[in-house]
1. For the stretch 102-118, which positions are aliphatic (A, V, I, L, M) and within 25 Å of Pro77 (Cβ to Cβ)?
2. Can you name the condition, by its number, that Lys85 falls short on among (1) closer than 17 Å to Pro69 by Cβ; (2) touching a Leu at 6+ places or on another chain (Cβ under 7 Å); (3) open to solvent by 20 Å² or more (accessible area, probe 1.4 Å)?
3. Report, ordered by the first and then the second residue, all pairs with beta carbons closer than 7 Å, sequence separation of six or more or different chains, a first member in the stretch 67-87 that is at pLDDT below 80 and of a type in the set (A, V, I, L, M, F, W, C), and a second member that is open to solvent by 80 Å² or more (accessible area, probe 1.4 Å) and assigned to a loop (DSSP other than H, G, I, E, B).
4. Looking at (1) within 17 Å of the chain's Cα centre (by Cα); (2) at negative phi; (3) open to solvent by 30 Å² or more (accessible area, probe 1.4 Å), which is the only condition Leu124 fails?
5. Being open to solvent by 20 Å² or more (accessible area, probe 1.4 Å) and in contact (Cβ under 8 Å) with a residue 24 or more places away in the chain is the filter here, so list the residues in the stretch 108-121 that pass it.
6. Given (1) free of Cβ contacts under 8 Å to residues at least 24 places away in the same chain; (2) of a type outside the set (D, E, K, R); (3) under 19 Å from Thr78 (Cα atoms); (4) surrounded by fewer than 12 Cβ atoms within 10 Å (Cβ to Cβ), where does Asn99 come up short, assuming only one miss?
7. Return only the number of the condition from (1) closer than 15 Å to Lys80 by Cβ; (2) open to solvent by less than 70 Å² (accessible area, probe 1.4 Å); (3) of a type outside the set (D, E, K, R); (4) out of contact with any helix residue (DSSP H, G or I) (no Cβ under 8 Å at 6 or more places or on another chain) that Leu132 does not satisfy.
8. I need the full set of residues from the stretch 89-133 which are small (Gly, Ala, Ser) and closer than 20 Å to Ile158 by Cα, in order please.
Amino acid sequence: MLEIAPLIVTNLVIALIIGFFIGYIVAKASNPNIKPIKSDSSSETKDEVGTRTSINPIFKRSSPLDYKPLVLSSPKPTGKDNLKKIKGIDSKVENDLNNLGIYHFEQIARWSNKNAEWIENFLLLPGYAKNLQWIDQAKILQLGKETIYSQKVETGEIKVD
């Protein structure tokens, strides 16, 4: 029995190698556009990056997806919240957040500091969410309370475009 074990292991390794080669040949034959992965990311051309970014707008920016906040595919049935009640969010930023799947104060209130950094990086607004305390404002607004800024937005004292 001890003499057979090395033969079994050797045969399995050989079968594995043959399987990889056959899989590669079959995949190459069915899709000739398969290119080997390059380990040096600086050798990528703009064409390759452009092709990759056309799939999903989240990949257009260089933000890593590690700390991307929780998003929704559509607002809750109650409708989306007026995110412009949060100081620092105007119509453009609100639209960008909605395009990402962020519609409600509750979502922003659940962000960690890393989530806020991700949003700032993605929206190209460094330090914006943390310095203007979006998370703290959202925590107040999600409870149905108002901040001084949100009251001014509601009454029209502050125009947010």
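1. Ile102, Ile108, Ala109
2. The failed condition is (1).
3. So the pair list comes out as Leu70/Arg110.
4. (2)
5. Passing the criteria: Arg110, Ser112, Lys114, Asn115, Glu117, Asn121.
6. Among (1) free of Cβ contacts under 8 Å to residues at least 24 places away in the same chain; (2) of a type outside the set (D, E, K, R); (3) under 19 Å from Thr78 (Cα atoms); (4) surrounded by fewer than 12 Cβ atoms within 10 Å (Cβ to Cβ), the lone unmet condition for Asn99 is (1).
7. For Leu132, the exception is condition (1).
8. Within the stretch 89-133, Ser91, Ala129 qualify.
The values are calculated or read from the model by the stated rules, or taken from the named source; none is laboratory data. On a predicted model such as this, the values are computed, not experimentally measured, just so you know. All Cβ positions, even for glycine, are placed from backbone atoms using ideal geometry, and neighbour counts span all protein chains on display. Keep in mind that these areas ignore ligands, DNA and RNA; they rest on the heavy atoms of the full protein, side chains included. Shrake-Rupley method; radii C 1.70, N 1.55, O 1.52, S 1.80 Å.
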